[in-house]
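Written out below as structure tokens is the structure these notes cover.
The values are calculated or read from the model by the stated rules, or taken from the named source; none is laboratory data. Owing to the predicted nature of the structure, the values given are computational and were not obtained by experimental measurement. Note: ideal-geometry Cβ built from the backbone for every residue, glycine included; neighbour counts use all protein chains shown. Areas reflect the complete protein model, heavy atoms only, side chains present, ligands, DNA and RNA absent. Shrake-Rupley method; radii C 1.70, N 1.55, O 1.52, S 1.80 Å.
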Amino acid sequence: MALDEYVWMVVVGFIIAFVLAFSVGANDVANSFGTAVGSGVLTLRKACILATIFETLGSVLLGAKVSETIRKGIIDVNMFNSTPEVLMAGSVSAMFGSAVWQLLASFLKLPISGTHCIVGATIGFCLVAQGAHGVKWMQLLNIVASWFISPLLSGIMSAAVFYLVRCLILRKADPVPNGLRALPVFYACTIAINLFSIVYDGTPLLGFDRIPLWGTILITLGSGVICALIVWFIVCPRMKRKIESK
């Protein structure tokens, strides 16, 4: 079936996608950087700059598989083979509904999840278009379970890291030396974990799927060590001089 007559829907969807991205920045990104800005680690301007750079990098490097799940992992898209225009209209409607709710929540100062919004909106249009049999309920169950598991695991990790920092750094008579010694470790772990996620589970378009597991581990550990050395020999001395000058 020729879809030339539905080009307008692509254009509208493109515009709504920008509105959706704006709403995500107004809420989801604010959630991510709220603690850093609130504690004074970052200024609001720096947080906006970092969010612009790394949110874009994250979507390019790691967003492919998540997008694939949203696109056809929640609903059975094969049911729309004879009516692709309905799928197009439903996807545009899902983006619009998600964008409106996230903007409304931002105005009401409510921290919400963009993932919850788009998943719910996608299920909503599928229920209207195809009924309950169009939804992949087991996949949805896995996604919903992750919504409960994620904060639990995050809380456990946060508590464990803070306990170590408090015992090994903050409770010392002079926390600066131990803090500077711990800095390369924190940087190295952060870089290694993020890089492992990118290489091991990144987009196939960049060829990451062709890298064997041992290669991924080697790249990850090597990058972590290099990062730690850079922080130890460059960042830590500068921070120490800055602290001493005050």
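Between region 34-111 and region 170-195, how many Å separate their Cα centres?
32 Å
Under the rule a/c < 1.5 gives rounded, and otherwise a/b versus b/c splits prolate from oblate, where does region 100-159 land using the Cα gyration tensor?
Oblate is the answer for region 100-159, as a/c is 1.5 or above yet b/c matches or exceeds a/b.
State in Å² the accessible area per residue of the chain; use a 1.4 Å probe, count heavy atoms of protein chains only, and round to the nearest integer.
On a per-residue basis, the chain sits at 66 Å².
Which of rounded, prolate or oblate describes region 115-228 when judged by the alpha-carbon gyration tensor and an a/c cut-off of 1.5?
The shape class here is oblate.
Go through 78-87, 16-25 and give me the packing order, highest mean Cβ count within 10 Å leading.
Highest to lowest by the protection proxy: 16-25, 78-87.
Nearest 500 deg cm²/dmol is fine: what mean residue ellipticity at 222 nm does the chain get from its DSSP H runs of n ≥ 4 alone, each adding -39,500 (n - 2.57), divided by its residue count?
-26000 deg cm²/dmol, from helical runs alone.
Suppose R0 equals 30 Å; then what is the FRET efficiency for residue 201 and residue 83 from their Cβ-Cβ distance, rounded to the nearest 0.05?
After rounding, the FRET efficiency stands at 0.35.
For the chain, give the percent of accessible area contributed by carbon and sulfur heavy atoms, probe 1.4 Å, rounded to a whole number.
72 percent
May I ask you to derive the relative contact order of the chain, considering only C-alpha pairs under 8 Å and at least 6 residues apart, and to give it as an integer percent?
Rounded, it is 21 percent for the chain.
Of the listed values (1) 0.98; (2) 1.25; (3) 2.02, identify the label whose number matches Cα Rg over 2.2 N^0.38 Å calculated from this model.
Computed from the coordinates, Cα Rg over 2.2 N^0.38 Å corresponds to (2).
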